[in-house]
Amino acid sequence: MVYIAEVKVYVWQGKEGLDFGHASMKITGVDGSYTYVSFYPGDTPKKEWKHLWKTSKGNIVEKYDEDCYQMKRNADKIIVIPNLPNPKNYSIAYYKNIWQTSLWKLFGTNCCHVVINNLQWMSGIEFATSQYSWHPAWSPQDVINYANHLCSQAFPKPSTIEGLGYTISGSTVKIRADKLVNNRKGGTSGTLKLKLWATSSPNDIANINDNGHIFAETQFDTLEGGYHYPNIEHNVPYQRPPAGTYYIVATLHEYETENKWPIYDWVSVNGQITSKPLIIEGTVGYTISGSTVEIRTDKLIHNRKGITSGTLKLQLWATSSPNDIANINENGHVFAETQFGTLKEMKSHQIKNTVPYQRPPAGTYYVVATLHEYETENKWTIHDWVSVNGQITSKPLIIEGTVGYTISGSTVEIRADKLIHNRKGITSGTLKLQLWATSSPNDIANINENGHVFAETQFGTLKEMKSHQIKNTVPYQRPPAGTYYVVATLHEYETENKWTIHDWVSFNDRLVECHLEAN
C-alpha cells in the first residue's frame, strides 16, 4: 500500500437532453505514484443520454485530457481531497484495476458509481445521498456533494515529520527532527524509517527512487496512535552521493510486509549539499624525520561516475591559519607532497609514503592537506582539503644532515653537512657550533649546568635562507674524567655576549671516555 496524498475529482455536469455528464478521478500517492480512473460505456465513449440505457462493456480512459476531448470541454468542477487514510490498504493501482472487467450500467456501475465507491474505500466514510428519484443511479451532482463532504473532514496524515534538519561532519550525518508523529486515533504504526535524499530538484518525490541518492537514514520502533518521538538527534553514517550539487528531501517510511516501506510523509529541506569529485576521507597524518616526511591517509576517493580521474597528488602545507585555503598559494608553504597516478570511477586509494621534507621558513605553522588533480598545461586543481591536527615549528637556525667529529690528541675535527639560516629578509647573527660531553643523551634543558664543551667552532653570519658546511679542526677542551654522551648545539650571538641555542642533535651511539692524566 502507498499512502494517498491527494485525490482530484473531476466532474462534468450534464447538459439536459444532451448528455448525462461525467466524473473521473486522479489518485496520487505521497511517493508521487498515481493512477487516473475514468469509466465509460463501450469501446467508444457515448455521451448522449439516449444512448446510455443499455448495459455494455466498460471502457477505461487513461488521461484527463482524453476525457476533455470526449466531453468536448474541460471539467466544470475540480475538487481536491488531501490525505485520505485508505483504511483497506488497497494499492493505488487497485482503484483502477478493479473496474477493468466490469460492465457499464447507467443505473448501477456508471462513472459516478466508480468515483463514489473508490472515495468510500479510500476514506472509510459511507456516502449518504440526499437525492431521491425513480432510478438509483448516482449523478455528477452526487459526486460533487460527496467530494465536498470529504474535503470538510480534514483528514490528517497517518505519520508526519516536523522540524527536520541535518549536519554533515566528515563521514557522519546528524539527523535532527522536532517530532515524528503517529496521527492515528488508535492502533500502532509499523516500524518507522527516516531517510535523507540528495535530489536534482527540490520537490521531485515522484522520481526519487530513480533520480535520488539516499545519503543518511535512521530507524525507529513502532509508535502508538496519538503519540510522537520528540527531540530527535541521531548520528548515522554518511552515504556520499556521486559528485554534484543537490537539493535535500526527507521521507518518512512505515514498514508493512515483505520488506515494503511506503512513504507516509516527505518534506523539502532548506539548503543544498555539494558532493565533491575528489575527496579526502578519514585521517591525514604525517611524521617529519630529519630530511623526510612520511605522509599517511585513510582514503582518497574519486567520486565521479563514468570517467577516470586525471593524475592526482596530495600536498601538505605549512600555513599561518588553520583554514585559510583561499590564500594558501600566497601564504602557505608546501613542505611535503606525493603523486599517485589516476583513479577509476568511484574508486579509492590509501597512502603511506616517505617523501623529501621541504622545510618552510622559520615559524610555527598549522598544517593543511590538499588533494589536486592534473588538468592541462601543468594546471593542478584543488578538489578537497582538510585541516590536519597539530602544528609544526620550523627553526630559524637548523642542523641538517650528519654532524661528526674526530678527537686526535689535543685537537678535534668537527664536521657538519649543513647548517641552515632559515629566516627570510634578514642576516643571522654570528654563529657557532659546540660539541658537549653530557651525562645523558638528550638533557638539553640542563646542558649548561651538567655538560662540558669539549670543542667549538665559530663561522660568522649567514644571509637569509643560506647554508654552511663545516669541516674544521679546533682545540680539544678535555672534560673531567668520565664516560659521556655527545650533543652538538648551534648558537647565534645576540647582544652582550649572549648566545642563543637554536638547534641541537644528540649522538646516541657515540661516547667520549676521558681519563686522569699522569703528572
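Among the residues of the range 182-189, some residue qualifies, meaning at least one is open to solvent by less than 70 Å² (accessible area, probe 1.4 Å), within 20 Å of Ser123 (Cβ to Cβ), assigned to a strand (DSSP E or B) and out of contact with any helix residue (DSSP H, G or I) (no Cβ under 7 Å at 6 or more places or on another chain). Exactly one residue out of Gly170, Gly212, Gly187 is on the phi > 0 side of the Ramachandran plot and either of a type in the set (S, T, N, Q) or under 22 Å from the mean Cα position of the chain (by Cα) (or both): that is Gly170.
Exactly one residue among Trp53, Trp49, Trp104 is in contact with a Leu (Cβ under 9 Å, 6 or more places away or on another chain), modelled with pLDDT under 80 and open to solvent by less than 20 Å² (accessible area, probe 1.4 Å), and that residue is Trp104. Consider the range 321-352 and keep the residues that are open to solvent by 80 Å² or more (accessible area, probe 1.4 Å) and without any contact (Cβ under 8 Å) to a residue 24 or more places away in the chain. The one that is farthest from the chain's Cα centre (by Cα) is Glu330. If you go through the range 287-320 and pick out every residue that is open to solvent by 40 Å² or more (accessible area, probe 1.4 Å) and either in contact with a His (Cβ under 7 Å, 6 or more places away or on another chain) or of a type outside the set (Lys, Arg) (or both), you end up with 13. Residue pairs whose Cβ atoms lie under 6 Å apart, sitting 6 or more positions apart in sequence or on different chains, and linking a residue in the range 61-90 that is under 17 Å from Leu150 (Cα atoms) to a partner that is among the acidic types (Asp, Glu) and modelled with pLDDT of 85 or more, are Pro82/Glu6. Picking from residues in the range 132-151 that are open to solvent by 80 Å² or more (accessible area, probe 1.4 Å) and part of a loop (DSSP other than H, G, I, E, B), the one that is modelled with the highest pLDDT is Pro136. Restricting the search to the range 290-340, which residues are among the small types (Gly, Ala, Ser) and part of a strand (DSSP E or B)? Listed by number, the residues that qualify are Ala318, Ala336.
For the condition in contact with a helix residue (DSSP H, G or I) (Cβ under 6 Å, 6 or more places away or on another chain), surrounded by 15 or more Cβ atoms within 10 Å (Cβ to Cβ), at pLDDT below 85 and of a type outside the set (D, E, K, R), what is the one hit in Val9, Val61?
Val61
Scanning the range 184-192 turns up no residue that is under 27 Å from Ile279 (Cβ atoms) and at pLDDT 85 or above. Consider the range 170-181 and keep the residues that are open to solvent by 60 Å² or more (accessible area, probe 1.4 Å) and free of Cβ contacts under 8 Å to residues at least 60 places away in the same chain. The one that is farthest from Lys26 (Cα to Cα) is Arg176. When the range 91-122 is limited to residues that are among the aromatic types (Phe, Trp, Tyr) and free of Cβ contacts under 8 Å to residues at least 40 places away in the same chain, the one that is nearest to Lys185 (Cα to Cα) turns out to be Trp121. The strands (runs of 3 or more DSSP E) found entirely in the range 353-461 that carry 2 or more residues being touching a residue at least 60 places away in the same chain (Cβ under 8 Å) and surrounded by fewer than 18 Cβ atoms within 10 Å (Cβ to Cβ) are 380-394, 397-408, 411-421. Within the range 203-226, the set of residues being surrounded by 14 or more Cβ atoms within 10 Å (Cβ to Cβ), assigned to a loop (DSSP other than H, G, I, E, B) and either modelled with pLDDT of 95 or more or not small (Gly, Ala, Ser) (or both) comprises Asp204, Ile205, Leu223.
Test of understanding: among Trp261, Trp266, which residue is hydrophobic (A, V, I, L, M, F, W, C), within 25 Å of Ser33 (Cβ to Cβ) and surrounded by fewer than 19 Cβ atoms within 10 Å (Cβ to Cβ)?
Details: Trp266 fails: surrounded by fewer than 19 Cβ atoms within 10 Å (Cβ to Cβ).
After applying the criteria, what remains is Trp261.
Selection of the range 423-460 for residues being in contact with a helix residue (DSSP H, G or I) (Cβ under 7 Å, 6 or more places away or on another chain), at pLDDT below 90 and not small (Gly, Ala, Ser) yields only Asp443.
Is there any pair with a first residue in the range 260-280 that is in a strand (DSSP E or B) and a second that is among the basic types (Lys, Arg) whose Cβ atoms are under 7 Å apart and which are 6 or more apart or on different chains, and what are they? Close Cβ pairs satisfying both conditions: Tyr264/Lys157; Asp265/Lys157; Ser275/Arg240. Looking at this structure, is His452 of a type outside the set (Ser, Thr, Tyr) and within 30 Å of Gly332 (Cα to Cα)? No: the conditions fail for His452. Within the range 462-472, if we keep just the residues that are surrounded by 15 or more Cβ atoms within 10 Å (Cβ to Cβ) and over 20 Å from Ala362 (Cα atoms), the residue that is farthest from the chain's Cα centre (by Cα) turns out to be Asn472.
On the stretch given as the range 231-250, residues that are assigned to a strand (DSSP E or B) and either touching a residue at least 60 places away in the same chain (Cβ under 8 Å) or small (Gly, Ala, Ser) (or both) total 7.
The values are calculated or read from the model by the stated rules, or taken from the named source; none is laboratory data. All values derive from a computational prediction rather than experimental measurement. Note that we place each Cβ from the backbone using ideal geometry, even for glycine, and neighbour counts take in every protein chain shown. Heads up: the accessible areas ignore ligands, DNA and RNA and are worked out on the full protein's heavy atoms, side chains in. Shrake-Rupley method; radii C 1.70, N 1.55, O 1.52, S 1.80 Å.
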